[in-house]
Amino acid sequence: MNDTTSTLTDTLFLYDRSGRRYAPTDRRWRGEDGSPLALSPVPGPAPDQIDTSERSLWRYQSAIPVSPRHRVSLGEGFTPMPPLDWDGLRVHFKLEWFNPTSSFKDRGVTVMISHLRGRGETRVLEDSSGNGGSAVAAYAAAAGMDAKIIVPAATSAAKILQARAYGARIELVAGTREQVSDEAIRQSEQTFYASHNWHPYFLQGTKTIAYEMWESLAFRAPDNVVLVAGAGSNVLGCDIGFGELLEGGRIDRLPRLLVGQPEHWAAIADTVNGIDPRSRGPRVPTIAEGASIAAPVRLPEAVEAIRRSGGAAVAVTEDQIHLAVRKLASRGLYAEPTSGVAAAALDHFLADGTIGPGETTVVVLTGAGLKSAEAMAAVFDDDGAPDGRSRT
């Protein structure tokens, strides 16, 4: 263990919403008050602390509170961020499907599994709508751990197959995403619950996307980061990462976090906008399965992160998501429908003037369309052109 990491991990603690503190080695996944745990502040990296020989998110080891001795890595992070034309504006797209399991979830899982490996865990349990389960299955395999993944019965077949291929045991549960989580919590009495929604070390991985934007933009923060939110782990990761950089004097302002959610699964956006989510009526399935979270466990923290950044949030329709997926594909980006929510939000924030000309904007595309074959077929199996226009 290097001196920086040793000093860092020696001073950390976990805490819940009631303010109770716990040791990072405490074998718990939530606080005594039932709330999700957070990790005490970690100093962000300085440019001269980046290990430029490491082509993964572990180039920021100085700001990741896990010993290198316990690292479980498949080369995640350091994903491309090409600038492309979007209706005449130059917009950067962060392509998270270049991660090992083709999803941003690898960022959080590499740090979470590394932490759990260092603590001596040998078996883990996860619940997921797809990408999170695949990531936990992959990194558990790399760490030599047994993994069980509980998933909604309606999850994309490709995502289930991927998790099973890594050797994880799969249990399908009929019902809502929340019912799947309830079943995982029930089973957590026998196996450690390595939930990407609950575990605080997951966010210590997702925060690295902020570091990468900062480094890629010549150590500057963008003006805007456009994100899709389900449980909000990318929103919280950006809040933590850019917050650390601001606290360390590496940047002089936070970027605005501009968030999109499917209209019937928009608890974060509705809360930001002062709308009662129940006013939308019965929930209907969304093509953006990765964002179909009715009750995010870190809802207050996600809302505060958006507000602290001076950002905004919007609920987008299924038609807008379909159009956005086509629009991305017409620019060479084969993104899953969940990522299409971010592109639909981008169009909204451009149309209403939230994003202005000349601003630096990064849109995070969380996963690949290849993992959502059925949903992608539903988007493209009609008479529309790739960008949503009628064919001639």
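The values are calculated or read from the model by the stated rules, or taken from the named source; none is laboratory data. Please read these numbers as outputs of a predicted model, since none were measured by experiment. So basically every Cβ, Gly included, is an ideal-geometry build from the backbone, and we count neighbours across all protein chains shown.
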Residue satisfying all of: in the stretch 318-335; free of Cβ contacts under 8 Å to residues at least 60 places away in the same chain and within 11 Å of Ala288 (Cβ to Cβ); surrounded by the fewest Cβ atoms within 10 Å (Cβ to Cβ) among these: Glu318
Select from the stretch 267-283 the residues that are more than 18 Å from Gly311 (Cα to Cα) and in a helix (DSSP H, G or I) and write down the one among them that is nearest to the chain's Cα centre (by Cα). Pro277
Could you check the stretch 42-81 and list, in sequence order, the residues that are over 21 Å from Ala218 (Cβ atoms) and out of contact with any helix residue (DSSP H, G or I) (no Cβ under 7 Å at 6 or more places or on another chain)? Trp58, Arg69, Gly75
Go through (1) closer than 30 Å to Leu346 by Cα; (2) free of Cβ contacts under 8 Å to residues at least 24 places away in the same chain; (3) hydroxyl-bearing (Ser, Thr, Tyr) and name the single condition Tyr60 misses. (2)
Can you work out which of the residues in the stretch 356-383 that are of a type in the set (S, T, N, Q) and surrounded by 24 or more Cβ atoms within 10 Å (Cβ to Cβ) is modelled with the lowest pLDDT? Ser372
Every residue from the stretch 220-266 that is among the aromatic types (Phe, Trp, Tyr) and part of a loop (DSSP other than H, G, I, E, B): Trp265
For the stretch 287-303, how many residues meet the condition of being at pLDDT below 95 and not aliphatic (A, V, I, L, M)? 3
Could you grab me the full set of residues in the stretch 320-355 that are under 19 Å from Asn131 (Cα atoms), hydrophobic (A, V, I, L, M, F, W, C) and outside any helix (DSSP H, G or I)? Leu333, Ala335
Long-range neighbours under 6 Å by Cβ, at least six apart or interchain, first residue at positive phi within the stretch 122-137, second in a helix (DSSP H, G or I) and surrounded by 24 or more Cβ atoms within 10 Å (Cβ to Cβ): Gly130/Lys159
Go through the stretch 261-293 and give me each residue that's surrounded by fewer than 13 Cβ atoms within 10 Å (Cβ to Cβ), over 23 Å from Ser128 (Cβ atoms) and not polar (S, T, N, Q). Gly274, Asp276, Arg278, Gly281, Pro282
Somewhere in the stretch 304-314, is a residue modelled with pLDDT under 95, within 18 Å of the chain's Cα centre (by Cα) and surrounded by fewer than 24 Cβ atoms within 10 Å (Cβ to Cβ)? no
Of the listed residues (Glu171, Glu244, Glu178), the one being closer than 30 Å to Tyr22 by Cβ and more than 22 Å from the chain's Cα centre (by Cα) is Glu171
